[in-house]
Amino acid sequence: DTRRFRFVVVDLRDDPGVAGYVVTASDVSELRSARHELDRLETHDALTGLPNRIALNTAIGDALVRRMVLGEVGLLFVDLDRFKPVNDLFGHDAGDELLIAVGDRLSATVRLGDTVARIGGDEFVVLAPNLPARAAIEELGRRVEQAIAEPFVLRGGVAQVSASVGVSFSDGTSTVSSLLAEADQAMFQIKTARRNGSVARTRRWTERRELAAVLRGAIERDEMKAYLQPVISVDDGRLRGFE
């Protein structure tokens, strides 16, 4: 493959000792590969391999140019909920593993031709071009939420997170910045509402209160038994305590 080599031709026809051309060939395959990797890293996330913000902005701009012919443009701004506890419980390597798995699951959930990008931290954006109506991107957002809610099996254990998903949909005045800002703001409003007590969160709190009440009654009715795990010293075999 001649693309692997760089050729340098020196004219030495006037040199009586050579009287011809000297061709030097150097193998530059590793150099080309390194340059290709640098170009890829400029537009792709190093951890997940997904397009980064630079590539996403370009893709959104291209989709907006084509919207009059092919259809409107939708965005999903996906922010993971309860991601920090995964890092705290399993470690940062597990957090990275989860981010890679989220990227893979998003890519498997969206349509062929959609773009999944990681723009930083635990934030992802889905670009869905060529849409007939806003309902299409909203339906995709629901599918993304359901997909992320499924447990992730990591090397350190099973992790379960959820996602706050904000939606934006193009119109005649949309720009790259306005679409991203609208989706980001929609995501923030959803996340804030959940923190302040959404239906799903209220249900979890209610269930916890009910469980606490049931447990108190169970103790009074002598319906509970405690099983203690002994802690044995490996040095002398003596009982050191319980847990």
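Probe of 1.4 angstrom, ligands and nucleic acids ignored: what's the accessible area per residue over the stretch 47-133, in square angstrom? Display every interim value, and only then the final one.
Details: 3860 Å² over 87 residues.
The answer is 44 Å² per residue.
For n ≥ 4 DSSP H runs only, could you compute -39500 (n - 2.57) per run for the chain, divide by its residues and tell me the 222 nm figure to the nearest 500? Working shown, then result.
Details: 7 runs with 116 residues, N = 243.
Result for the chain: -16000 deg cm²/dmol, rounded to the nearest 500.
Where nothing but the Cβ of Lys and Arg (+1) and of Asp and Glu (-1) is charged, how large is the charge dipole of the chain around its Cα centre, in debye to the nearest 20?
Working: 32 positive and 37 negative charges, 174 e Å.
The calculation lands at about 840 debye.
Please turn the phi angles of the stretch 176-192 into ³J(HN,Hα) values with the Karplus equation 6.51 cos²θ - 1.76 cosθ + 1.60 (θ = phi - 60°), one per residue in order, whole Hz, x for glycine and proline.
4, 5, 5, 5, 5, 5, 5, 5, 4, 5, 4, 4, 4, 5, 5, 5, 5
Taking all protein chains in place and a 1.4 Å probe, what share, in percent, of the accessible surface of the chain do carbon and sulfur account for? Intermediate values should be presented prior to the final figure.
Details: 8440 of 15600 Å².
The value for the chain is 54 percent carbon and sulfur by accessible area.
Non-local amide H neighbours of Leu154 (under 5 Å, H modeled in plane, Pro and chain starts lacking H): which ones?
Amide H neighbours of Leu154, under 5 Å, 5+ apart: Ala159.
In vacuum, with every alpha carbon of the stretch 72-184 counted as one equal point scatterer, what does the Debye formula give for log10 I(q)/I(0) at q = 0.13, 0.18, 0.20, 0.22 Å⁻¹? Two decimals, please.
Relative scattering, expressed as log10 I(q)/I(0), comes to -0.48, -0.84, -0.99, -1.15.
Once the mean 1/r over all distinct Cα pairs of the chain is inverted, what Kirkwood radius in angstroms do you read off? Mind dumping the intermediate values first?
Numbers: mean 1/r = 0.0437 Å⁻¹.
Taking every pair of different Cα atoms in the chain, averaging 1/r and inverting gives 22.9 Å.
May I ask for the angle, rounded to the nearest 10°, between helix 29-43 and the longest principal axis of the chain, with both axes built from Cα atoms and the value confined to 0 to 90°?
The helix 29-43 is inclined about 50 degrees to the chain.
What per residue convex hull volume, in Å³, comes out for the stretch 58-125 when only alpha-carbon positions are used?
On the way: hull volume 5.6 nm³, N = 68.
Convex hull volume per residue, Cα atoms: 82 Å³.
The values are calculated or read from the model by the stated rules, or taken from the named source; none is laboratory data. Quantities reported herein were computed from a predicted structural model and do not represent experimental measurements. Every residue, glycine among them, receives a Cβ derived from its backbone with ideal geometry; neighbour counts consider all protein chains shown. With ligands, DNA and RNA removed, areas are computed over all heavy atoms of the protein, side chains included. Shrake-Rupley method; radii C 1.70, N 1.55, O 1.52, S 1.80 Å.
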